[in-house]
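J.: First the structure, which I've put down as structure tokens, then a few questions once you've had a look.
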Amino acid sequence: MKLFAIFGDPVSHSISPLMHNTAIKNLFLDACYTRYLLKNGDILREKFLTLKLSGVNVTVPHKEAAFRACDEIRGVASKIKAVNTIIKENDRLIGYNTDAPGFYEAIKEFKDAKRVLILGAGGTAKAISIYLKEKNHSVNILNRSQKRLSFFEENGFISYSWDNFKISSYDLVINTTSAGLSDQSLPVDEALLDKLFVSAKYAVDVIYNKNTPFLQKASDFGLKYKDGKDMLLYQGVIAFEYFFNHKFSQKTILKEMKKAF
């Protein structure tokens, strides 16, 4: 039996096991997917090998540690320098990023969202920003502090900290921070968010299965909005493809994985 897992901290809220196990069962595969609370990202590789995993998904805050743990990086993950999917291939750990294409699939219905503001500067923000830029979106970054913005500046993004942010008009505002995950906080000051939402059309929070304060405020302003459920679903479909060596089409995986919801 092949064993897969999700590493993260926190990880108890993750529905990835339900998604993957639903598809595994319905596609009659000899495999199992579980969750593992990983406190220290520096031992990610060691834990992967000790648990004898065939593959793993990685959630916050370990996506950059996952990048460092791999023997080889493939696809857009090499630009992002963040990995959320690892497979074992001939005793080597191969890293991918399925967050980026998964997110893009999830927002395809927001066809006129050309100007984008991303809140936060972690692994998910890196993934989304690089992919959206490649798809010809104009992307700005806003983070609490300046210290995590060097990646974005090096890749040609206009980036701001809270101290030097200049308010502009954006079609889509994306929250990639953990604000609202386990509390009622907002990713930025409420007065600032109000000003952003006045001119915005869409809002996305990568947190899923929770009506966060960010999304509630988007609703109050009449914006079309999404939580992270569709992103989670699509990135899971792509990860599943890698886990089982493209044995099934994305359409087939999607059909079975959606049943988890």
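J.: Going by the conditions given, is residue 185 farther than 22 Å from residue 224 by Cβ and in contact with a helix residue (DSSP H, G or I) (Cβ under 9 Å, 6 or more places away or on another chain)?
T.: Answer is yes for this residue.
J.: Return yes when residue 141 is in the same structural domain as residue 125 (by TED's automatic domain parsing) and surrounded by fewer than 18 Cβ atoms within 10 Å (Cβ to Cβ) and no when it is not.
T.: no
J.: If you take the residues of the stretch 17-27 that are within 18 Å of residue 84 (Cβ to Cβ) and touching a helix residue (DSSP H, G or I) at 6+ places or on another chain (Cβ under 6 Å), which of them is surrounded by the fewest Cβ atoms within 10 Å (Cβ to Cβ)? Full working, then the answer.
T.: The initial filter retains those residues of the stretch 17-27 that are within 18 Å of residue 84 (Cβ to Cβ), namely 17-20, 23.
Restricting the remaining residues to those that are touching a helix residue (DSSP H, G or I) at 6+ places or on another chain (Cβ under 6 Å) gives 18-19, 23.
On the way: 18: 14, 19: 26, 23: 27.
Among them, the one singled out is 18.
Here is a yes/no grid of residues against (1) farther than 24 Å from residue 238 by Cβ; (2) in the same structural domain as residue 12 (by TED's automatic domain parsing):
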{"position": "79", "(1), (2)": "no, yes"}
{"position": "88", "(1), (2)": "no, yes"}
{"position": "109", "(1), (2)": "no, no"}
{"position": "118", "(1), (2)": "no, no"}
{"position": "174", "(1), (2)": "no, no"}
{"position": "180", "(1), (2)": "yes, no"}
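J.: Something else: Conditions first: (1) buried (at least 16 other Cβ atoms within 10 Å of the Cβ); (2) at pLDDT 95 or above. Residue 208 passes all but one, so which condition is the exception?
T.: (2)
J.: Another one. What is the one condition in (1) in a helix (DSSP H, G or I); (2) crowded, with 18+ Cβ neighbours inside 10 Å; (3) out of contact with any Lys or Arg (no Cβ under 8 Å at 6 or more places or on another chain) that residue 151 does not satisfy?
T.: Going through the list (1) in a helix (DSSP H, G or I); (2) crowded, with 18+ Cβ neighbours inside 10 Å; (3) out of contact with any Lys or Arg (no Cβ under 8 Å at 6 or more places or on another chain), residue 151 breaks only (3).
J.: Please tell me if residue 230 is of a type in the set (Asp, Glu), modelled with pLDDT under 95 and surrounded by fewer than 20 Cβ atoms within 10 Å (Cβ to Cβ).
T.: So residue 230 fits the description; yes.
J.: When the stretch 118-137 is examined, which residues are found to be surrounded by fewer than 22 Cβ atoms within 10 Å (Cβ to Cβ) and either in contact with a Pro (Cβ under 8 Å, 6 or more places away or on another chain) or assigned to a strand (DSSP E or B) (or both)?
T.: 122, 131, listed by residue number.
J.: Take the conditions out of contact with any helix residue (DSSP H, G or I) (no Cβ under 7 Å at 6 or more places or on another chain) and either within 30 Å of residue 25 (Cβ to Cβ) or surrounded by fewer than 19 Cβ atoms within 10 Å (Cβ to Cβ) (or both) and apply them to residue 194. Does it pass?
T.: Considered against the rule, which asks whether it is out of contact with any helix residue (DSSP H, G or I) (no Cβ under 7 Å at 6 or more places or on another chain) and either within 30 Å of residue 25 (Cβ to Cβ) or surrounded by fewer than 19 Cβ atoms within 10 Å (Cβ to Cβ) (or both), residue 194 comes out as yes.
J.: Taking the stated definitions as given, is residue 237 among the aliphatic types (A, V, I, L, M), part of a strand (DSSP E or B) and crowded, with 19+ Cβ neighbours inside 10 Å?
T.: no
J.: Name the single residue, out of those in the stretch 1-36 being assigned to a strand (DSSP E or B) and not hydrophobic (A, V, I, L, M, F, W, C), that is farthest from residue 63 (Cα to Cα). Reasoning before the result, please.
T.: Let us first name the residues in the stretch 1-36 that are assigned to a strand (DSSP E or B), namely 2-8, 31-36.
Those still in the list that are not hydrophobic (A, V, I, L, M, F, W, C) too: 2, 8, 33-36.
Working: 2: 23, 8: 9, 33: 19, 34: 18, 35: 15, 36: 15 Å.
Ranking the qualifying residues of the stretch 1-36, first place goes to 2.
J.: Return a yes/no flag: does the stretch 138-148 have any residue that is closer than 23 Å to residue 106 by Cβ and in a loop (DSSP other than H, G, I, E, B).
T.: If we filter the stretch 138-148 for residues that are closer than 23 Å to residue 106 by Cβ, which is where we start, we get 138-143.
Restricting the remaining residues to those that are in a loop (DSSP other than H, G, I, E, B) gives none.
No - not one qualifying residue is present in the stretch 138-148.
J.: Still on this structure, I have one more. Go over the candidates 42, 9, 30, 71 one by one and state the one that is free of Cβ contacts under 8 Å to residues at least 60 places away in the same chain, under 22 Å from residue 210 (Cα atoms) and out of contact with any helix residue (DSSP H, G or I) (no Cβ under 6 Å at 6 or more places or on another chain).
T.: 9
The values are calculated or read from the model by the stated rules, or taken from the named source; none is laboratory data. The shown structure was predicted, so the numbers you read here are calculated from the model rather than taken from an experiment. Counting neighbours? That spans all protein chains shown, and the Cβs are built from the backbone with ideal geometry, glycine included.
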